[in-house]
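Colleague: Sharing a structure here in structure tokens format.
The values are calculated or read from the model by the stated rules, or taken from the named source; none is laboratory data. Computed from a prediction, not measured in an experiment: that's the story for all the values here. No Cβ is skipped: glycine too gets one built from the backbone with ideal geometry, and neighbour counts run over all protein chains shown. Protein only, heavy atoms only, side chains kept; ligands, DNA and RNA dropped before computing areas. Shrake-Rupley method; radii C 1.70, N 1.55, O 1.52, S 1.80 Å.
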Amino acid sequence: QDLASTVWAYATADYYHQALLADCSRVISDSLARDPSRWSEEVRSQLHQWQLWLSLERGADGQQHLLSESQRKLCCDAMQGTEVTISRLQRSVAAALAAVQHGFEEEHLEPRTGYSLDLALPSSRVAVEVDGPSHFLLPDGRGVRKPNGPTLLKRRLLRAAGWRVISVPFYEWDGFATANGQQTYLERAVAPLLG
């Protein structure tokens, strides 16, 4: 598990270290080949994100560290099997978005990455991610909230897979007193991407 956390952290930081990743890839591959059940669903999900980073963002360098196809599928299946919880915030955004633009699917499973997209218009490859407090670091000295590592990694990997991602941060959404204000906010965010 520590090894999975290490390679996931490298992916999250977008830091490529050839020798370390070569060693990690070999050890992980050997362990998965011997006994995949030693790797929990959560850890295999992290491994999947690491593999996505290598294949989508690292180009030829990353290809040499990919696990076997069957091992990648095992990790992808773990990620796709992650249970999704829909928050009240997401339901609120979905309702306002439906009033502005029809066709967005809630919790769309993106097949290439295995990510569940909060709201997606697959035909246009536009995703709306509803980002609650758990998606952010604590505010800095100026009160600015920055997305955390997992959130940044998801956004980067979705963009690398051809998605245009709109983030709806909870602190902006909560600032609207009326449904009209929320709908205007979403319309301004979505319209430029739909042309």
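Colleague: Between (1) 12.3; (2) 13.6; (3) 11.1, which entry matches mean projected area of the Cα convex hull in nm² as derived from the coordinates of this structure?
Modeller: Derived directly from the coordinates: (1).
Colleague: Note the angle between two axes, namely the Cα long axis of helix 179-194 and the longest principal axis of the Cα atoms of the chain, as a number of degrees from 0 to 90, rounded to the nearest 10.
Modeller: The two axes meet at around 50 degrees.
Colleague: Same structure again: At Ile86 and Leu137, where each label point lies 7 Å from the Cα along Cα→Cβ, what is the point-to-point distance in nanometres?
Modeller: So the label points at Ile86 and Leu137 sit 3.3 nm apart.
Colleague: When Lys and Arg each count +1 and Asp and Glu each count -1, what net charge do the other residues less than 15 Å away from Val7, Cβ to Cβ, add up to? Provide the component values of the computation, followed by the final result.
Modeller: Working: positive: Arg26, Arg44, Arg58, Arg72; negative: Asp2, Asp14, Asp23, Asp30, Glu42, Glu57, Asp61.
Residues close to Val7 contribute a combined charge of -3.
Colleague: Now for a different question. Any idea of the accessible area per residue across segment 9-151, 1.4 Å probe, to the nearest Å²?
Modeller: Working: 7450 Å² over 143 residues.
Solvent-accessible surface per residue comes out at 52 Å².
Colleague: Roughly how far apart, in whole Å, are the Cα centres of segment 121-195 and segment 47-64?
Modeller: Rounded to whole Å, the Cα centres lie 25 Å apart.
Colleague: Starting from the Cα of Tyr171, move 7 Å in the Cα-to-Cβ direction to define the label point; list residues of segment 106-141 whose amide nitrogen is under 20 Å from there.
Modeller: 129-141
Colleague: Let me ask something else. Measure nothing but the geometry: give the 0 to 90° angle between the long axis through the Cα atoms of 41-52 and the longest principal axis through the Cα atoms of the chain, rounded to 10°.
Modeller: 90 degrees
Colleague: Then there's this: Could you give me the ³J(HN,Hα) list for segment 79-94, computed from phi with Karplus coefficients 6.51, -1.76, 1.60 and θ = phi - 60°, whole Hz, x at Gly and Pro?
Modeller: Result, rounded to whole Hz: 5, 5, x, 5, 6, 10, 10, 9, 7, 4, 4, 5, 4, 5, 5, 4.
Colleague: Net charge around Val100, counting only other residues with Cβ within less than 11 Å of its Cβ (Lys, Arg = +1; Asp, Glu = -1)? Working shown, then result.
Modeller: On the way: positive: Arg188; negative: Glu187.
With Lys, Arg at +1 and Asp, Glu at -1, the neighbours total 0.
Colleague: Let me ask you something else. Quote the accessible area belonging to Lys146 in square angstrom, nearest 10, computed with a 1.4 Å probe and with ligands, DNA and RNA left uncounted.
Modeller: Lys146 has an accessible surface of roughly 110 Å² with all protein chains in place.
Colleague: A further question follows. How do Tyr15, Tyr171, Tyr10 rank by accessible surface area computed with a 1.4 Å probe, from largest to smallest?
Modeller: Values: Tyr15 120, Tyr171 95, Tyr10 60 Å².
Sorted by accessible area, descending: Tyr15, Tyr171, Tyr10.
Colleague: Right, something else. Keeping all protein chains in the complex and leaving out DNA, RNA and ligands, what accessible area do you get for Asp2 with a 1.4 Å probe, in Å² to the nearest 10?
Modeller: Rounded to the nearest 10, the figure is 130 Å².
Colleague: Here is a follow-up. Taking the simple approach of a point 7 Å from Cα along Cα-to-Cβ for both Arg38 and Arg125, what is their distance in nm?
Modeller: The answer from the label model is 3.9 nm.
Colleague: Also, I was wondering about something else. In sequence order, what are the phi-derived ³J(HN,Hα) couplings for segment 62-70 according to the Karplus relation 6.51 cos²θ - 1.76 cosθ + 1.60 with θ = phi - 60°, rounded to whole Hz, with x for glycine and proline?
Modeller: Computed from phi, the couplings for segment 62-70 are x, 4, 5, 9, 6, 6, 5, 4, 5 Hz.
Colleague: Right, something else. Round to the nearest 0.05 the FRET efficiency obtained for Ser31 and Asp61 when R0 = 25 Å and r is the Cβ-Cβ distance. Mind dumping the intermediate values first?
Modeller: Values: r = 23 Å, r/R0 = 0.92.
My answer for the efficiency is 0.65.
Colleague: Quick check on segment 1-49: take the gyration tensor over C-alpha atoms, sort the square-rooted eigenvalues as a ≥ b ≥ c, and tell me if it's rounded (a/c under 1.5), prolate or oblate.
Modeller: Values: a/c = 2.82, a/b = 1.38, b/c = 2.04.
In terms of gyration-tensor shape, oblate.
Colleague: Based on the Cβ-Cβ distance from Lys146 to Ala98, what FRET efficiency comes out when R0 is 35 Å, to the nearest 0.05? Before the final figure, lay out the partial values.
Modeller: Numbers: r = 30 Å, r/R0 = 0.85.
That pair, Lys146 with Ala98, gives E of 0.75.
Colleague: How much net charge surrounds Arg91 when only the other residues with a Cβ under 12 Å from the Cβ of Arg91 are counted, with Lys and Arg +1 and Asp and Glu -1? Numbers along the way, then the final one.
Modeller: On the way: positive: Arg88; negative: Glu106, Glu107, Asp118.
That sum, taken over residues with Cβ under 12 Å, equals -2.
Colleague: Hey, can you grab everything whose amide H is under 5 Å from the amide H of Asn148? Only 5+ residues off in sequence or another chain; H modelled, so Pro and N-termini drop out.
Modeller: The answer is Phe136, Leu137.
Colleague: Once phi is turned into θ = phi - 60°, what whole-Hz ³J(HN,Hα) does the Karplus curve with 6.51, -1.76 and 1.60 give for every residue of segment 102-119, x standing for Gly and Pro?
Modeller: 7, x, 6, 9, 8, 6, 6, 7, 7, x, 6, 9, x, 6, 8, 8, 3, 9
Colleague: Can you bin segment 95-153 into rounded, prolate or oblate? Criterion: square roots of the alpha carbon gyration tensor eigenvalues sorted a ≥ b ≥ c, rounded for a/c under 1.5, prolate for a/b above b/c, oblate for the rest. Could the numbers behind the result be given before it?
Modeller: Details: a/c = 3.26, a/b = 1.69, b/c = 1.93.
Here segment 95-153 falls in the oblate category.
Colleague: To continue, here is another question. Please report the carbon-and-sulfur percent of the accessible area for segment 52-149; probe 1.4 Å, protein heavy atoms only, DNA, RNA and ligands left out. Could you put the intermediate results ahead of the total?
Modeller: On the way: 2630 of 5170 Å².
Heavy-atom surface of segment 52-149 belonging to carbon and sulfur, 1.4 Å probe: 51 percent.
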